[in-house]
Structure formats: structure tokens, C-alpha cells
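In what follows, a structure is listed as C-alpha cells, so that the remarks can point back to it.
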Amino acid sequence: MAKDGHETDLLSRWVADKIWPGKGRDFGNCRGMAVIDGETLIGGLIWHNFDEDAGVVELSAASISKRWLTRETLDVMFGVPFREWGCQAVVFRVSPDDRPMHRMLTAYGGELFVLPRLRGRDIDEHVFIVTDDAWTSNKFNVKAGMPAGKV
């Protein structure tokens, strides 16, 4: 996990620049995890917009390599909000064109909601919600021996 402060700010800007090139965005108050291959940053996860009362956090991610999304990365991606923070749902905003992310989130129990024009006049936003129940019941966790419904 990126340390609070400067490292998280740098990772937040790196992920945001991969999602929105040249826009100078970041995720504000957030936590992050860098995925490193040797000496190279190949991916990053940013948890942001945490609503402790609702038990919901948004997760954004970006990478420059397909090797970033390992079982270990996925375990941290979902384990931190569900196991460590006690969240009941993780929200992902996904480009309609990002088919690999759609497949992964569907496999992990994500439910898709299409919000018209949220990315612009002619572009819908695809919002996936992965609940703690769906995550613990997905085929990967069941296969690994995690009891369904137990976070």
C-alpha cells in the first residue's frame, strides 16, 4: 500500500493520468496501492470517495501491463475494503469500451448499472457495484475455500 501523503498523491495522479490523460486530475482524499514489476510501476489502485456510514468506497485503477492484475492484487483490491474497512460495497466506474474490466468485475460478482451520458453527451458510464456478499460468493473465493457470506 502506498504510504499516506506524498506517495499516495503521486500514485493518485499517475492513475488519474492513465484514465484522463492530460487533465491534471487526482482523487483527492484517497488510499492507494502500487503494483511494481521489478523497478517499474505497472499498475495502481486508488480507493476514494469512502463513505464510512454507508460502508461504500469507490475504486479506480489503471495499468500499463496486463501482468498487474494478479490473484494477489485482486485479493488486496477487494480484501482491503471488505476485510479491513468493513465495507459492504465497492463501486467501479468503467468505460463502456473496457471489456477486460467488465469481464473481471462480472466474474467477481459485480452488478452493472448503465448511466446515460455520465461520461459526456454521447457516452454512457458503466457503474459496477460489488457487494461483500457477491464477492465472498464468487467462484474464485468459493474455490479457494472462503466460506460464502463471510468477509
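The values are calculated or read from the model by the stated rules, or taken from the named source; none is laboratory data. None of these values were measured; they are calculated from a predicted model. FYI the Cβ positions are ideal-geometry reconstructions off the backbone, even for glycines, and counts take in every protein chain you see.
For region 29-51, state whether one or more residues are out of contact with any strand residue (DSSP E or B) (no Cβ under 8 Å at 6 or more places or on another chain), assigned to a loop (DSSP other than H, G, I, E, B) and not acidic (D, E). Scanning region 29-51 turns up at least one residue that is out of contact with any strand residue (DSSP E or B) (no Cβ under 8 Å at 6 or more places or on another chain), assigned to a loop (DSSP other than H, G, I, E, B) and not acidic (D, E). Taking the criterion of being of a type in the set (V, I, T) and crowded, with 17+ Cβ neighbours inside 10 Å, the only residue of region 25-41 that qualifies is V35.
Every listed requirement among (1) more than 24 Å from I123 (Cβ to Cβ); (2) at pLDDT 95 or above; (3) in contact with a helix residue (DSSP H, G or I) (Cβ under 7 Å, 6 or more places away or on another chain) is met by V80 save one, (3).
Taking the condition surrounded by 14 or more Cβ atoms within 10 Å (Cβ to Cβ), farther than 19 Å from S63 by Cβ and not aromatic (F, W, Y), does G109 pass? In short, yes.
Answer yes or no as to whether L41 is closer than 19 Å to I129 by Cβ and of a type outside the set (D, E, K, R).
Numbers: closer than 19 Å to I129 by Cβ: no; of a type outside the set (D, E, K, R): yes.
Judged against the criteria, L41 is not a match.
Scoring P100 on the criteria (1) loosely packed, with under 15 Cβ neighbours inside 10 Å; (2) outside any helix (DSSP H, G or I); (3) under 14 Å from the mean Cα position of the chain (by Cα) leaves a single failure, condition (2).
Checking the structure you have, find out if any residue of region 14-24 is touching a residue at least 24 places away in the same chain (Cβ under 8 Å), surrounded by fewer than 19 Cβ atoms within 10 Å (Cβ to Cβ) and either within 18 Å of V91 (Cβ to Cβ) or touching a helix residue (DSSP H, G or I) at 6+ places or on another chain (Cβ under 8 Å) (or both). Yes; the residues of region 14-24 include at least one that is touching a residue at least 24 places away in the same chain (Cβ under 8 Å), surrounded by fewer than 19 Cβ atoms within 10 Å (Cβ to Cβ) and either within 18 Å of V91 (Cβ to Cβ) or touching a helix residue (DSSP H, G or I) at 6+ places or on another chain (Cβ under 8 Å) (or both).
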